[in-house]
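Report on the following structure.
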Amino acid sequence: MNPKKQKIINAAYALFISKGYNASSIQDILDEAGVSKGTFYNYFASKTECLIAIMESIGSEIRQKRMAAALGKPVDDLDVLAEQLCIRIRLNREKNLFALYESIFYSQDEELKKYAKDTYVTELNWISSRIVDVFGKEAEAFALENAAIVHGSIQQLNHIWKLSSTDDLPTKELAAFVIRRLKTAVTHQIETGDAFIRQKQLPVDRPAETISAETLSSKLKTYAETSGDNESVQQLTRFLSEEISGENPRKALVESVLSSLATHSSSEPELSALLESVWHYLNGLQQKS
């Protein structure tokens, strides 16, 4: 990411956490970042766009870490799902995401409210798809409602923990507990057919496209050639582009490169989304073989 843009994002993030989004002005951000108004508007059209960029950056980090946790492991590994849930719980706390979402909740900005809704839908759909990965097609009819239960359980148990204990939230224990309850619920539903909401995914404004290997390779190549990332990231992205376009992609090498890129702290949300697509592509190859 461009250093000046990152500087503005860091300054805005610090202000939104300490003062609140509504109480922080663009001038406050300029003063905190030490940049001119022209520099700010060179990257963001509004304070709203700046907050969305912050949330996108954090969301990108969550996706990267989740992908890194799954690389090289079976798609149906229940422990991997527990770790992926733990990653969001941990980053929610580390990045004060609840404070940022409170800012959105109390805002009258329709763009922010839509962003929050889309983020919620995306997270539920992700959990739902992972439930199907882990428990198989038999769980598809019960996936979405269990995704909602998982999401809500994590939030509410987190709140109850804060009210009932002065100790730090044990994120791994919380994720493991929720997974145990999930396994019991899904197993019972598969046996009995008991369900409340019989669908796998929520509708989204812009459904995720199914990307072919050729298209994915082309997008990776374009990113490598046009991004402002460092040479190491560009080289690894070009390698992925070439490997994906080959007749028999070497999975071990692709996973190794994905692991390196997924842990790269400065990766853009665009690259994070492309890496996640590569990961899904690899899983598809594994299931076919």
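The values are calculated or read from the model by the stated rules, or taken from the named source; none is laboratory data. Because the structure is predicted, anything quoted here is derived from the model rather than measured. Neighbour counts are summed over all protein chains in view; Cβ atoms, including those assigned to glycine, are modelled from backbone coordinates with ideal geometry.
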* Structure fact -> Being at positive phi and small (Gly, Ala, Ser) narrows 59, 38, 20 down to just 20
* Since residue 111 meets every condition but one in (1) in a helix (DSSP H, G or I); (2) farther than 28 Å from residue 16 by Cα, which condition does it not meet? -> (2)
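In the range 258-272, is there at least one residue being more than 21 Å from residue 62 (Cα to Cα) and at pLDDT below 85? Give the derivation first.
So the first thing to find is which residues in the range 258-272 are more than 21 Å from residue 62 (Cα to Cα), and the list is none.
Within the range 258-272, none of the residues are more than 21 Å from residue 62 (Cα to Cα) and at pLDDT below 85.
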* Applying the selection to the range 20-41, what residues are loosely packed, with under 14 Cβ neighbours inside 10 Å and either free of Cβ contacts under 8 Å to residues at least 24 places away in the same chain or assigned by TED's automatic domain parsing to the domain that holds residue 230 (or both)? -> 23, 25, 27, 31, 36, 37, 38, 41
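Could you grab me the full set of residues in the range 1-46 that are hydrophobic (A, V, I, L, M, F, W, C), part of a helix (DSSP H, G or I) and within 23 Å of residue 96 (Cα to Cα)?
8, 9, 11, 12, 14, 15, 16, 17, 26, 29, 30, 33
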* Asked: Is it true that residue 131 is under 24 Å from residue 58 (Cβ atoms), crowded, with 17+ Cβ neighbours inside 10 Å and modelled with pLDDT under 95?
  -> no
